[in-house]
1. Full-extension gain between Asp653 and Ala48, please, as 0.36 nm times their residue separation minus the C-alpha to C-alpha distance.
2. What whole-number distance in Å separates the alpha-carbon centres of the stretch 204-259 and the stretch 111-127?
3. Report the semi-axes of the equivalent ellipsoid for the chain in whole Å, largest first, where each axis is √(5λ) for an eigenvalue λ of the Cα gyration tensor.
4. Which distance in Å, rounded to a whole number, links the C-alpha centroids of the stretch 549-612 and the stretch 385-456?
5. Calculate how large, on average over all directions, the projected area of the Cα convex hull of the stretch 609-694 is; give the answer in nm² to one decimal.
6. With a point put 7 Å past each Cα toward its Cβ, work out how far Glu395 is from Glu360 in nm, to one decimal.
7. Roughly how many Å is it from the Cα centre of the stretch 176-200 to that of the stretch 294-338, as a whole number?
8. Once the cut-off is 24 Å, how many percent of the Cα-Cα pairs in the stretch 486-592 end up in the long-distance tail?
Amino acid sequence: MPILVRDNYWILETEHTAYACGVGAQGLPEHVYWGARLPFAGDYPAIAQTGDWASFSGAAHMLPAEYPAYAGPSYTEPCLKLTNADGVRDTVLRFAGATVSDGATPELRVTLRDADYPLTVTLGYRVHEAHDLIERWAEIANMGDAPVTLERAWSALWHLPWGGEYRLSHLFGRWFEEWQIRREVLQPGVKVKESRRITTSHTANPWFALDRGAAGEEQGEVWFGVLAWSGNWKLAAEVTEYGATRVGIGLNDWDFAWRLNPGETFTTPASIAGYTVDGFGAASRTLHDYARTRLPHGKTLHPVLYNSWEAVFFDVNEASQMAVAERAAQMGVELFVMDDGWFHGRTVDNAGLGDWWPDEVKFPNGIKPLIARVNALGMDFGLWLEPEMVNPDSELYRAHPDWVIHFPTRARSEMRNQLILNLGRADVQEYLIDLLDRLLGEHNITFIKWDMNRNVSEPGWPDAPGDARELWVRYVEGVYHVWSTLAQRHPQVLWQSCSGGGGRVDYGMLRMVDQFWVSDNTEATARLGIQEGFSQLMPAITMESQVTHMGRPLLSLPFRFHVSMMGVLGISDDLLKWAESDLATGAELIALYKEIRPIVQLGDQYRLLPAQSQDFTAVQYVSKDKAESVLFAFRVHIPEPARIPPVFLRGLDRDARYAIEGFDEVRSGQAWMNLGLRIDLKNGESTVRRITKIG
Ligand code: DGJ
């Protein structure tokens with residue numbers, strides 16, 4: 001049984017892990033255990049007695065509450081903060097009941113009620129047994145007859161086992177340099193990671209991993225998790241003065257408010273977390289497996305694509321795209337994507353956003369002839385859109401200047417000459433659904449890259465139906481609504497989320513998208529590190545990666561291909577300028593990619609040697625049945641005559657025999673994993689080696 005119940009005490013068991021909580025003497029659910037699954041139900045600890053420590057730190061402060069609301073003499077980070085209609089600003093919760101439901105994904109719901117006000121909080125727990133993950137969220141219901149203002153409503157507080165110093169691994173970066181991994185030992189106090197940009201952001205990601213300082217890629221205890229939300233978020237990793245460590249995660253409370261009217265319920269996004277003894281690599285693989293189950297197109301392999309952006313930027317037209325399409329098809333490309341520049345009035349970045357119909361000069365006959373040509377060449381057709389945006393120089397803005405996010409008394413800051421449509425508004429949502437539905441209905445389009453090229457400013461919403469600060473949440477819900485309505489109506493479309501590269505990558509997006517554009521930086525050596533950071537939380541099948549001509553000196557074509565073959569292979573370069581020999585090399589590598597694609601996109605990923613700030617790196621993918629594997633190795637620059645390090649394979653069946661391309665011997669999986677491979681590469685060289693089980 002994944003959920004064991006005894007006297008308001010619950011043990012949530014997954015295949016290898018367990019999470020336990022129960023109602024303690026103070027009438028609140030308290031955290032008890034999170035770690036390895038234990039052999040017997042009786043092994044799990046009893047709820048600890050929490051007493052006063054001093055007149056300055058009473059039991060309320062010391063309590064490891066599952067979902068603390070701001071109440072009483074407690075000074076650690078709460079999950080819930082609200083103001084009642086009469087101005088009372090605390091929330092005194094008491095346990096009111098719980099239900100457990102079985103099924104494919106068993107669920108525990110624990111209901112708490114305010115002692116004096118008609119407010120309930122239901123804590124949801126879902127057990128993803130096979131994935132070793134627990135999903136948590138909260139539902140806050142106003143049962144009274146006066147509105148309540150929510151000021152913080154987090155998804156979960158994850159308590160770490162008491163004692164020890166924890167190290168937080170997190171991601172940070174900026175446009176063009178996303179996904180940098182940092183590991184730092186938490187000190188007493190609160191370490192905050194957040195976004196205030198209305199998207200997930202390039203600068204941080206709602207992903208965390210905690211260890212006690214000793215975990216590595218393949219060994220050691222790691223507690224890890226994500227938040228499934230695509231707007232402002234906050235993560236607060238707190239070490240209390242008594243050495244308790246916890247991670248609160250949820251919607252950002254910065255500038256947040258939500259008027260919860262009588263009879264209404266506010267549901268937070270979910271946070272999903274897990275535990276492993278097998279290091280950061282296993283934490284990633286756990287998330288990868290789970291993510292693949294959430295993808296709208298499941299395990300359908302993703303096509304090799306061509307994208308026009310790094311080739312010609314805005315300079316697309318019917319004749320040039322048809323010519324490039326010929327070459328793409330010859331090389332074996334399966335999906336031809338026309339990026340920015342195709343729509344009404346778009347010649348550079350200062351006009352056109354919002355007017356989603358073909359530009360009359362570049363495409364005098366619309367885009368149907370191009371699509372027909374692309375299809376006749378045996379490829380699918382995809383298009384770039386940026387639905388949330390509008391240029392002041394557009395038909396849409398001239399008709400509806402009030403549709404953008406703005407404060408009426410302030411100048412509207414433009415970034416890349418554009419403003420943000422307020423997708424919290426129902427009329428904006430309807431307009432976009434209608435226009436884009438027609439575009440997709442009238443054209444044979446199977447792929448959309450949905451871009452978002454700026455962050456918010458002047459976050460006003462004149463005439464907002466509730467508190468104008470609801471914008472932060474209503475905007476994201478509006479994006480979800482528009483996008484998922486279109487996705488439901490056009491199930492053939494594979495959606496890619498892009499926000500100037502990796503500015504909106506998160507588990508909230510997975511309800512619509514199968515793919516992400518991870519960074520605008522396609523220089524192959526920088527990309528190795530960027531892809532490593534992205535792989536902490538997302539699987540290779542979601543990572544489109546393009547071969548371009550970015551970088552000085554430009555690395556060899558095979559090196560650039562090999563980097564991109566570690567995700568969903570794409571090419572974005574002016575193929576009309578490629579020599580015949582380059583086209584032949586490209587065709588060969590695309591053919592190889594198609595052979596190894598099931599292993600890369602659906603297999604287990606092992607980061608054998610780190611990439612960030614390292615000059616020799618290797619990544620391996622292993623099919624789920626361990627019959628096939630593929631190794632990628634890259635020597636960026638190691639000065640001669642230093643020796644390059646051996647590569648220790650992972651994930652093979654220890655007792656089976658494997659052959660490795662380029663090696664004469666056949667050895668057991670265990671031997672290959674223990675002995676280490678010597679891969680002879682020169683600076684700037686890379687290799688792809690197939691590994692095959694032969695009995
Ligand atoms: C930003 C994206 O990240 C690029 O790939 C490209 O689509 C441009 N926008 C187009 O404006």
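1. On the way: separation 605, 0.36 × 605 = 217.80 nm, distance 4.33 nm.
Gain in length upon complete extension: 213.5 nm.
2. 23
3. Numbers: eigenvalues 367, 248, 81 Å².
Values for the chain, descending: 43, 35, 20 Å.
4. Cα centroid to Cα centroid, the span is 34 Å.
5. Values: hull surface 22.0 nm².
Its average projected convex-hull area is 5.5 nm².
6. Distance between label points: 0.9 nm.
7. Taking the Cα centre of each part, the stretch 176-200 and the stretch 294-338 sit 34 Å apart.
8. Working: 1647 of 5671 pairs.
When every Cα pair of the stretch 486-592 is considered, 29 percent fall beyond 24 Å.
Here, each number is a calculation from the coordinates, and none is a lab measurement. These numbers come from a predicted model, not from an experiment. Heads up, the Cβs are rebuilt from the backbone with ideal geometry, glycines too, and the neighbour counts pull from every protein chain shown.
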